Amino acid sequence: MKHWIQAARLRTLPLSVSGIIVGSFYAMSQAMFNWKIILFALSTTLGLQILSNFANDYGDGMKGTDNQDRVGPKRTIQSGAISPEAMKRAMILTSILTLLSAVLLIYVSFKDHYFGYSIFYFLLGVLAIASAIRYTVGNTAYGYKGYGDLFVFIFFGWVSTLGVYFMFAKEMDWLLVLPASAIGFMSVGVLNLNNMRDEASDKKSKKNTIVVKIGGKNAKKYHYFLIVSAMVLILVFGILFDIYRDSDPFHFNFDMYFFLAAYIPLTLHLIRVHKNQDPKLLDPELKKLALSIFALSILLALCMIYFLSDLVVNNS
């Protein structure tokens, strides 16, 4: 059990649900709530993340990318703690459970009223499962060609945040694109940090991540762009949300900006990355960044709900 928990990489799980939290609470701020949608959206997202982690362990282990040159913690295939056959079975089981959760999510969201939406989301779920596996598994693994960043941005940012909101509202609210893109950028930041740590070993194994392609120095600049852009997008969203949801556009709601507290650990993270000269020391930053993003999503969600309750009280 200890080795399976290690393979699931628990420190990545809070990050994976950040988009679900923001999208769901944005819907709740508009007086839309369905706990079944939230429950199955969370279980589907967690299933996809765990599947991706299992597949990454299996793919990198079978390709020899996880070897003695690797800077990060040993993976279970690499160490022999879990056999490739057992990991394959775990991937199949996780895929089935994740797809089942996705089907239940689609049912509680659309039932028999939106057949077209149901088919679209089902195909999207199948694509997400396939993408989670193909990141490092197989001869055409896209993670080895530098496309992992795009996958993470789309699925962890747009699909997660906008997708769950659409399940509540049955329509799109384009203001939500701002935090969805921000979460996507920050999720890519976690992947970029991981690839910065593993640059030397990835280069030897011909795993051509963005970091390997542009080099460690430019990868730092790329990292600053991802995190700072995300912080700006969230702030712009907060201002626009404050303006659009308040009947008085000249009334500044300080309570709407509690999420700025999460900018402190994000800023400290950027400073540490800037000063870093040893890739090994980037490993603790992965957990810190993931938890900072999760904290930001929670604070932003609470601000939206608090703001809604404040408006209800003032209008009653």
Out of Trp158, Met231, Tyr135 - ranked by how far each Cα lies towards the positive end of the dipole of region 135-251, with unit charges on the beta-carbon of charged residues - the top one is Tyr135
Spelling it out for Lys207: with amide H atoms placed in the peptide plane at 1.01 Å from N, the residues 5 or more places away or on another chain with amide H under 5 Å from its amide H are none
Within region 14-44, the residues whose backbone N lies under 15 Å from a label point placed 7 Å from the Cα of Leu175 along the Cα-to-Cβ direction are 23-32
With x for Gly and Pro, the residue-by-residue ³J(HN,Hα) of region 228-243, computed from phi through the Karplus equation 6.51 cos²θ - 1.76 cosθ + 1.60 at θ = phi - 60° and given in whole Hz, is 5, 4, 4, 4, 5, 4, 5, 5, 4, 4, x, 5, 5, 4, 4, 6
Per-residue ellipticity at 222 nm attributable to helices in the chain (runs of n ≥ 4 DSSP H, -39500 (n - 2.57) apiece, nearest 500 deg cm²/dmol) works out to -23500 deg cm²/dmol
Result for the chain: accessible area per residue, probe 1.4 angstrom, in square angstrom, of 47 Å²
The size of the Cβ-based charge dipole (Lys, Arg +1; Asp, Glu -1) of region 133-235 about the Cα centre, to the nearest 20 debye, is 580 debye
To the nearest 10 degrees, the tilt of helix 18-28 (Cα long axis) against the first principal axis of the alpha carbons of the chain is 10 degrees
In this structure, among Lys88/Lys206; Lys170/Lys287; Lys2/Lys217; Lys88/Lys111; Lys74/Lys217, pairs with alpha-carbon gaps over 29 Å are Lys170/Lys287; Lys2/Lys217; Lys88/Lys111
Toy charge model, Lys and Arg Cβ at +1, Asp and Glu Cβ at -1: the chain dipole around Cα centroid in debye, rounded to 20, equals 1380 debye
GNM on the chain, Cα springs under 10 Å; top mean-square fluctuation among Ser109, Ser79, Ser187 goes to Ser79
With Cα springs under 10 Å, the Gaussian network model of the chain assigns the largest mean-square fluctuation among Arg75, Arg11, Arg89 to Arg89
Restricting to Cα pairs under 8 Å and 6 or more apart, the percent relative contact order of region 96-192 works out to 23 percent
For region 184-234, the dipole about the Cα centre with charges only on Cβ (Lys and Arg +1, Asp and Glu -1), to the nearest 20 debye, works out at 240 debye
Taking Cα atoms only, helix 84-110 is inclined relative to the longest principal axis of the chain by an angle, in degrees rounded to 10, of 10 degrees
The chain, Gaussian network, Cα under 10 Å: of Met231, Met167, Met62, the residue fluctuating most is Met62
Accessible-area order for Ile264, Ile77, Ile5, largest to smallest, probe 1.4 angstrom, reads Ile264, Ile5, Ile77
For region 98-193, the Cα-Cα pair-distance distribution in 5 Å bins from 0, as whole percents, is 3, 13, 20, 20, 19, 14, 8, 3, 0
A 1.4 Å probe over the protein heavy atoms gives the chain a carbon and sulfur accessible-area percentage of 69 percent
Given Cβ charges of +1 for Lys and Arg and -1 for Asp and Glu, the option among Leu123, His274, Ala295 whose Cα lies farthest towards the positive end of the dipole of the chain is His274
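The values are calculated or read from the model by the stated rules, or taken from the named source; none is laboratory data. Please read all numbers here as calculations on a predicted model, not as lab measurements. A quick note on method: Cβ atoms are made from the backbone with ideal geometry, for glycine too, and the neighbour counts reach across all protein chains shown. Only protein heavy atoms, including side chains, enter the accessible area calculation; ligands, DNA and RNA are left aside. Shrake-Rupley method; radii C 1.70, N 1.55, O 1.52, S 1.80 Å.
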